[in-house]
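Novice: Here it is, the structure, as structure tokens.
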Amino acid sequence: MKRRLIKNVGRAVRGALSELEDFASRVPEKAKGVLGGYPPVNVYERPGAYVVRAEVAGVTADDLDVTVERNSVTIRGTEQEEAGYDEMRRHLCERDQGEFCRTIDLPNDVDEDAEPDATLTQGVLTINIPRAQGSNARRVEVSEPDKETTTETEDDQEEAEETGESEATDEAN
């Protein structure tokens with residue numbers, strides 16, 4: 001009885017895993033949102049501009065559409081299918097072809113009036129997005145008041161008690 005139950009459970013688990021593997025193999029990596037999305041990007045900030053670098057190997061400039069709107073940049077593109085491989089049996093296919101789209105949010109200080117520029121070099125798309133004038137971060141010094149000026153010493157407390165200031169302060173509270 002136990003053996004039959006174990007066999008049935010094992011068969012059901014194997015069947016469920018097989019269905020899950022089949023489903024996962026049909027969903028392209030780009031659609032899974034692995035590691036944030038496709039194409040993978042790095043966003044940098046330098047004085048006067050944001051720099052977005054996206055890895056788009058195998059895509060030409062004609063197959064890319066870059067849009068900067070308000071505080072976001074959208075990268076759309078198409079990876080063309082490789083010619084000559086349609087008739088071959090695939091053993092491993094990790095490079096997907098087809099359309100992709102990714103929108104990256106930027107901070108609120110994008111200069112909407114300035115013209116961004118984009119270049120494609122060796123499969124890396126670099127987009128320079130100007131920042132608004134006066135939006136450069138400024139360093140602010142943090143000071144800590146001297147503890148002796150903010151904390152009454154024992155001598156000050158005794159003097160206040162002698163003059164009656166302490167009682168007046170206590171009554172007010």
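Novice: Of the numbered conditions (1) more than 23 Å from Tyr38 (Cα to Cα); (2) loosely packed, with under 11 Cβ neighbours inside 10 Å, Asp111 satisfies every one except a single condition; which is it?
Specialist: (2)
Novice: Need the failing condition index for Glu21 against (1) of a type outside the set (A, V, I, L, M, F, W, C); (2) closer than 24 Å to Leu92 by Cα; (3) surrounded by fewer than 11 Cβ atoms within 10 Å (Cβ to Cβ); (4) at pLDDT 75 or above, just the number.
Specialist: (4)
Novice: Test Asp117 against the criterion of being exposed (fewer than 12 other Cβ atoms within 10 Å of the Cβ), free of Cβ contacts under 8 Å to residues at least 60 places away in the same chain and either in contact with an Asp or Glu (Cβ under 6 Å, 6 or more places away or on another chain) or closer than 27 Å to Val51 by Cβ (or both), and give yes or no.
Specialist: It is false that Asp117 is exposed (fewer than 12 other Cβ atoms within 10 Å of the Cβ), free of Cβ contacts under 8 Å to residues at least 60 places away in the same chain and either in contact with an Asp or Glu (Cβ under 6 Å, 6 or more places away or on another chain) or closer than 27 Å to Val51 by Cβ (or both).
Novice: Is it the case that region 89-107 has a residue that's under 18 Å from Gly37 (Cα atoms), at pLDDT 85 or above and among the β-branched types (Val, Ile, Thr)?
Specialist: Yes, region 89-107 has at least one match.
Novice: So which residues in region 108-142 are in a loop (DSSP other than H, G, I, E, B), farther than 17 Å from Ser72 by Cβ and at pLDDT 85 or above? Explain how you work it out, then say what you get.
Specialist: The initial filter retains those residues of region 108-142 that are in a loop (DSSP other than H, G, I, E, B), namely 108-109, 111-116, 122-123, 132-142.
Now narrow it down to the ones that are farther than 17 Å from Ser72 by Cβ: 122-123, 133-134, 136-142.
Of everything in region 108-142, those that are in a loop (DSSP other than H, G, I, E, B), farther than 17 Å from Ser72 by Cβ and at pLDDT 85 or above turn out to be Gln122, Gly123.
Novice: Mind checking which pairs have a first residue in region 67-93 that is within 29 Å of Thr103 (Cα to Cα) and free of Cβ contacts under 8 Å to residues at least 40 places away in the same chain and a second that is assigned to a strand (DSSP E or B) and aromatic (Phe, Trp, Tyr), Cβ under 6 Å, 6 or more apart or different chains?
Specialist: Close Cβ pairs (under 6 Å, with a partner that is assigned to a strand (DSSP E or B) and aromatic (Phe, Trp, Tyr)) amount to Gly77/Phe100.
Novice: Within region 81-106, can you find the residues that are assigned to a loop (DSSP other than H, G, I, E, B) and surrounded by 12 or more Cβ atoms within 10 Å (Cβ to Cβ)? I'd like the intermediate steps shown before the answer.
Specialist: Initial filter on region 81-106 (assigned to a loop (DSSP other than H, G, I, E, B)): 81-97, 106.
Within region 81-106, Asp96, Gln97, Leu106 qualify.
The values are calculated or read from the model by the stated rules, or taken from the named source; none is laboratory data. Because the structure is predicted, anything quoted here is derived from the model rather than measured. Counting neighbours? That spans all protein chains shown, and the Cβs are built from the backbone with ideal geometry, glycine included.
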